[in-house]
Amino acid sequence: AALAIKCFEFSDFLVTKLGVTDLGARFPARATFHDGCHGLRELGNKKPARQLLGKVRGLELIEMQDAEVCCGFGGTFAAKFPMISTAMGDVKCASASETGAEYIVSNDSSCLMQIQGLLDRQGSKLKTIHLAEVLAQS
C-alpha cells in the first residue's frame with residue numbers, strides 16, 4: 001500500500017500530480033486513442049491522456065467507437081487464447097480504421113504491440129504510437 005500511493009500512470013502523473021496539461025508538443029496528424037484496460041479499469045484513468053492530447057498542436061483527435069473495448073492482449077490471455085485475442089484485436093483495429101485516423105495513440109505499450117502486430121498482418125497503413133512519443137514531438 002505504501003508503494004501504491006507513490007506509483008502513477010504516465011498521463012495521470014503529469015496531469016494530476018504535476019498539474020501539467022500542455023507540454024508544447026506539435027504533432028500534425030489525425031489520431032484516435034486506445035484506452036488500455038489496466039489504466040482504464042484498474043486505475044480509472046480516462047481523462048488525463050485526452051487532456052494532454054487536446055493541447056497538442058496540429059493533432060486532430062477522433063474518438064473511435066467502443067474506445068473502451070479491450071484490444072485482446074491482456075498479458076498471458078493472448079498466449080492462452082490466441083484465437084480469441086486476435087478476434088478481439090481485429091475488432092479494435094476495425095474501430096480505429098473507421099475513424100480515418102493515421103495513428104492509434106495509447107499509454108499502454110503492450111496494447112500498442114498487439115494492435116501494431118495485427119495492423120501489420122492486415123497490411124494496414126495505420127500506425128501505433130505511445131502517448132509519450134506524441135508529447136515529445138516539437
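The values are calculated or read from the model by the stated rules, or taken from the named source; none is laboratory data. Source: prediction; values computed, not measured. No Cβ is skipped: glycine too gets one built from the backbone with ideal geometry, and neighbour counts run over all protein chains shown.
Spot the failing condition for G74; the list is (1) of a type outside the set (A, V, I, L, M); (2) assigned to a loop (DSSP other than H, G, I, E, B); (3) in contact (Cβ under 8 Å) with a residue 40 or more places away in the chain; (4) within 19 Å of T128 (Cα to Cα), and only one is missed.
Evaluating G74 over (1) of a type outside the set (A, V, I, L, M); (2) assigned to a loop (DSSP other than H, G, I, E, B); (3) in contact (Cβ under 8 Å) with a residue 40 or more places away in the chain; (4) within 19 Å of T128 (Cα to Cα) leaves (3) as the failure.
Out of L23, L43, L52, which single residue is buried (at least 21 other Cβ atoms within 10 Å of the Cβ) and in contact with a helix residue (DSSP H, G or I) (Cβ under 9 Å, 6 or more places away or on another chain)?
Working: L23 fails: buried (at least 21 other Cβ atoms within 10 Å of the Cβ); L43 fails: buried (at least 21 other Cβ atoms within 10 Å of the Cβ).
Unique residue meeting the criteria: L52.
Go through (1) more than 21 Å from E133 (Cβ to Cβ); (2) hydroxyl-bearing (S, T, Y); (3) more than 14 Å from the chain's Cα centre (by Cα) for S95 and report which single condition fails.
(3)
Look through A101, A96, A78 and report the one residue that is over 23 Å from D12 (Cα atoms), touching a Lys or Arg at 6+ places or on another chain (Cβ under 6 Å) and of a type in the set (A, V, I, L, M, F, W, C). Don't jump to the end; show me each part of the working.
Details: A96 fails: touching a Lys or Arg at 6+ places or on another chain (Cβ under 6 Å); A78 fails: touching a Lys or Arg at 6+ places or on another chain (Cβ under 6 Å).
Only one candidate qualifies: A101.
Is the stretch 65-83 home to any residue that is of a type in the set (V, I, T) and surrounded by fewer than 22 Cβ atoms within 10 Å (Cβ to Cβ)?
Going through the stretch 65-83, the residues of a type in the set (V, I, T) turn out to be 69, 76.
Next, from what is left, pick out any that are surrounded by fewer than 22 Cβ atoms within 10 Å (Cβ to Cβ): 69, 76.
Scanning the stretch 65-83 turns up at least one residue that is of a type in the set (V, I, T) and surrounded by fewer than 22 Cβ atoms within 10 Å (Cβ to Cβ).
Every residue, every condition in (1) farther than 20 Å from C93 by Cβ; (2) in contact (Cβ under 8 Å) with a residue 24 or more places away in the chain; (3) out of contact with any Leu (no Cβ under 7 Å at 6 or more places or on another chain), yes or no:
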residue	(1), (2), (3)
C7	yes, no, yes
F10	yes, yes, no
T21	yes, yes, no
G24	yes, yes, yes
E60	no, yes, yes
D66	no, yes, yes
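Which of the numbered conditions does I5 fail, given that it passes all the others? Conditions: (1) surrounded by 12 or more Cβ atoms within 10 Å (Cβ to Cβ); (2) in a helix (DSSP H, G or I); (3) not acidic (D, E).
Answer for I5: the failing condition is (1).
Being polar (S, T, N, Q), surrounded by 14 or more Cβ atoms within 10 Å (Cβ to Cβ), assigned to a helix (DSSP H, G or I) and in contact with a Cys (Cβ under 9 Å, 6 or more places away or on another chain): is that true of S110 here? Reasoning before the result, please.
Working: polar (S, T, N, Q): yes; surrounded by 14 or more Cβ atoms within 10 Å (Cβ to Cβ): yes; assigned to a helix (DSSP H, G or I): yes; in contact with a Cys (Cβ under 9 Å, 6 or more places away or on another chain): yes.
Judged against the criteria, S110 is a match.
Quick one: which of K92, K55 is modelled with pLDDT of 95 or more and in a loop (DSSP other than H, G, I, E, B)? Even if it seems obvious, please write down each step before you answer.
On the way: K92 fails: in a loop (DSSP other than H, G, I, E, B).
Testing whether each residue is modelled with pLDDT of 95 or more and in a loop (DSSP other than H, G, I, E, B) leaves just K55.
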